[in-house]
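The values are calculated or read from the model by the stated rules, or taken from the named source; none is laboratory data. A quick note: this is a predicted structure, and the numbers were derived from the prediction, not measured. FYI the Cβ positions are ideal-geometry reconstructions off the backbone, even for glycines, and counts take in every protein chain you see.
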Ligand SMILES: *[C@@H]1O[C@H](CO)[C@@H](O)[C@H](O)[C@H]1NC(C)=O
Ligand SMILES: *[C@@H]1O[C@H](CO)[C@@H](O)[C@H](O)[C@H]1NC(C)=O
Ligand SMILES: *[C@@H]1O[C@H](CO)[C@@H](O)[C@H](O)[C@H]1NC(C)=O
Ligand SMILES: [Cu+2]
């Protein structure tokens, strides 16, 4: 029994780091939750541990690297990752590993990119990305270091594939940005990509698209300079607006 206290301390420490550091691993389609990494590309890091940062990284990956698209090494797992069929207009969710919840303050967003060849299992994500979901501040008088943020405490992001999304195979990239280290250029970015096949007869065409990497850089105050403990909610909102995180999500408009 004398080991139980030590065991408890270690378990508690592990549980704490698991809840502070999270990773999207499951896809929820038609109310059914997949296995871990069934439809989401797994990283080749030895641990399912994140985040990616601009500075003080633990694995040399930064948001300027091509693996910022879908996670370190994950393209090498693309062929063995299944492709989930989703009708345009349906809502799906990307859910965190190990029953985790989002334990850091900051915005959450979902981007999509169509596989130009039609085969997402062979697509690196070097094409155009567009944004379909965004959650920033939900309570501007709340605690900016915690629950002022819509995503704080969420265990999954639930979002709609826009009704007018053209049929085809896509990467769907969920991302959460923890801003608690942004004052030291240490914003923490957590992201993974699901592989889906959109069905239907949508003919929309997103007007605003991005490249990953390239979408974010550390000249943006949101990632480098913002301080959640001293800045006002209005100042933070304006920092958000000066990044793609402040751009409108695509609503299905335009036609291809
Ligand atoms: C927003 O935060 C304030 C301050 O913590 C709190 O009193 C209020 O109930 C919150 N509003 C909502 C809608 O949660
Ligand atoms: C950062 O991104 C902004 C907006 O896209 C751009 O204007 C700026 O040149 C970029 N800065 C660097 C250092 O890449
Ligand atoms: C959708 O977005 C387009 C382009 O930003 C805009 O012109 C249009 O009014 C929006 N439609 C709806 C229904 O919000
Ligand atoms: Cu963290």
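Here are some notes:
- Test: residue in the stretch 213-228 that is within 16 Å of ligand 1 (Cβ to nearest atom), more than 30 Å from residue 31 (Cα to Cα) and more than 16 Å from the chain's Cα centre (by Cα): yes
- Test result for residue 154, crowded, with 16+ Cβ neighbours inside 10 Å and within 16 Å of ligand 4 (Cβ to nearest atom): yes
- Residues that are in a strand (DSSP E or B) and in contact with a helix residue (DSSP H, G or I) (Cβ under 7 Å, 6 or more places away or on another chain), drawn from the stretch 143-181: 169, 170, 171
- Matching residues, the stretch 229-252, being in contact with a helix residue (DSSP H, G or I) (Cβ under 7 Å, 6 or more places away or on another chain) and either within 16 Å of ligand 3 (Cβ to nearest atom) or assigned to a loop (DSSP other than H, G, I, E, B) (or both): 246
- Evaluation of residue 223 against the conditions (1) outside any strand (DSSP E or B); (2) surrounded by 23 or more Cβ atoms within 10 Å (Cβ to Cβ); (3) away from ligand 2 (no atom under 16 Å from the Cβ) shows that the sole unmet condition is (3).
- Subset of the stretch 196-207 [part of a loop (DSSP other than H, G, I, E, B) and either within 16 Å of ligand 1 (Cβ to nearest atom) or at pLDDT 95 or above (or both)]: 200, 201, 202, 203, 204, 205, 206
Conditions (1) surrounded by 15 or more Cβ atoms within 10 Å (Cβ to Cβ); (2) under 15 Å from the mean Cα position of the chain (by Cα); (3) within 16 Å of ligand 3 (Cβ to nearest atom), marked per residue:
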site: 33; (1), (2), (3): no, no, no
site: 68; (1), (2), (3): yes, yes, no
site: 89; (1), (2), (3): yes, no, yes
site: 94; (1), (2), (3): yes, yes, no
site: 113; (1), (2), (3): yes, yes, no
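- Only one entry of 239, 231 meets the criterion of being within 16 Å of ligand 2 (Cβ to nearest atom), at pLDDT 95 or above and more than 24 Å from residue 70 (Cα to Cα), and that entry is 239.
- Residue among 210, 191 that alone is modelled with pLDDT of 95 or more and either within 16 Å of ligand 2 (Cβ to nearest atom) or farther than 15 Å from residue 62 by Cβ (or both): 210
- Options 252, 178; residue that is under 19 Å from residue 133 (Cα atoms), at pLDDT below 95 and either within 16 Å of ligand 1 (Cβ to nearest atom) or crowded, with 18+ Cβ neighbours inside 10 Å (or both): 252
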